[in-house]
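Heads up, the thing below is written out as structure tokens.
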Amino acid sequence: MRVPEVDALRGIAIILMVIYHFFFDLSYFGLADINLYEFEWQLFQRTVGFLFIFVMGMSLTLSEAKNREGYARHAKRAAKLAAVALLITIATWVYPHEGFIMFGIIHFIAAATLIGPLFFRLGYWNVLLGIVIIAAGFCIGSMHIDSQYLFWLGITYPGYMPLDHYSLIPWFGVVLLGIYAGQRFFPKAKPMLKKTDSMGKLAFLGRNALLIYLLHQPLMIGMLFLVQPSFFLP
């Protein structure tokens, strides 16, 4: 079930993500002196990720409005996203290889799509559980162990420096907050606000967020190559 307000929020999130990735590319390829580890940039990145994932949690509840397949519908969606995530891993392993993505935002959304529906019945308890999971992320975020098999959970190993990483802890807590918000504000998956032209344009972007996510980096890198090919050639 499509709700323009939710699609519009996702549209805003994808615009902000493209903006961040544009500056990331400028920094990564040495085209601009930008320190993305500064507090302001880190806050911007996490805010974009929070909005994107929060809306994803809301969308999970909206998808239940006319769901006649039960859990199988979510499992199919998760499988499709997992296939896309695998392609992202392979592509980033080929280039640039260093820091290739093992559990980025698409990997996370695939896992959360599979797990999230199991929490639909918890109602407002999802708020408490979500806060606990987010808080746990602050505790284990700086933990490093020798095992290389828990990075998806949020416990990384020395030398793990991917280009994109969204672990289950703390980010699944944001999904749970989104699930509660979707059930609270859109219990029957019906719009609350009157649709405007601006909302319609943002909603269009939101409905095509996955396609935009997959295409925007190759397109931006291609444009940067056309502007400054010397930075890409040996």
Item to complete: Using label points projected 7 Å from each Cα along Cα→Cβ, tell me how many nm separate LEU122 and CYS139, to one decimal.
Response: 1.5
Practice prompt. For an R0 of 22 angstrom, estimate the FRET efficiency from the Cβ-Cβ distance between ALA75 and VAL132 and round to the nearest 0.05.
Written response: 0.25
Worksheet entry | Of every Cα-Cα pair in the chain, the percent that sits beyond 26 Å | 41
Worksheet item: Rounded, prolate or oblate: which fits the stretch 140-214 when a ≥ b ≥ c are the square roots of the eigenvalues of the alpha-carbon gyration tensor, with rounded for a/c under 1.5 and prolate only if a/b beats b/c?
Response: oblate
Worksheet, complete the sentence: At R0 = 22 Å the Cβ-Cβ FRET efficiency linking ALA189 and ARG68, nearest 0.05, sits at 0.95
Discussion item. Residues of the stretch 1-34 with backbone nitrogen within less than 20 Å of a virtual label 7 Å along the Cα-to-Cβ line of ASP197, please, listed as ranges.
Written reply: 4-5, 8-9, 11-12
Worksheet item: Which GluC sites (Glu not before Pro) does the stretch 1-71 hold that lie in a coil by DSSP with at most 15 other beta carbons within 10 Å?
Response: GLU38, GLU69
Response to the item:
Per the C-alpha gyration tensor (a ≥ b ≥ c, the square roots of its eigenvalues), the stretch 10-59 is rounded if a/c is under 1.5, else prolate if a/b beats b/c, else oblate; here it's prolate
Practice prompt. Kindly rank 50-57, 21-28 from highest to lowest mean number of other beta carbons found within 10 Å of each residue.
Written response: 50-57, 21-28
Worksheet item: Within the chain, which is the longest segment containing none of the trypsin sites (Lys or Arg not before Pro) that sit in a DSSP loop and have at most 15 other Cβ atoms within 10 Å?
Response: 69-187
Worksheet, complete the sentence: Over the chain, the sum of -39500 (n - 2.57) across DSSP H runs of at least four, divided by residue number and rounded to 500 deg cm²/dmol, gives at 222 nm -21500 deg cm²/dmol
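Only the coordinates and a few stated rules stand behind these numbers; no lab work does. Just so you know, these numbers come straight off a predicted model, no measurement behind them. Counting neighbours? That spans all protein chains shown, and the Cβs are built from the backbone with ideal geometry, glycine included.
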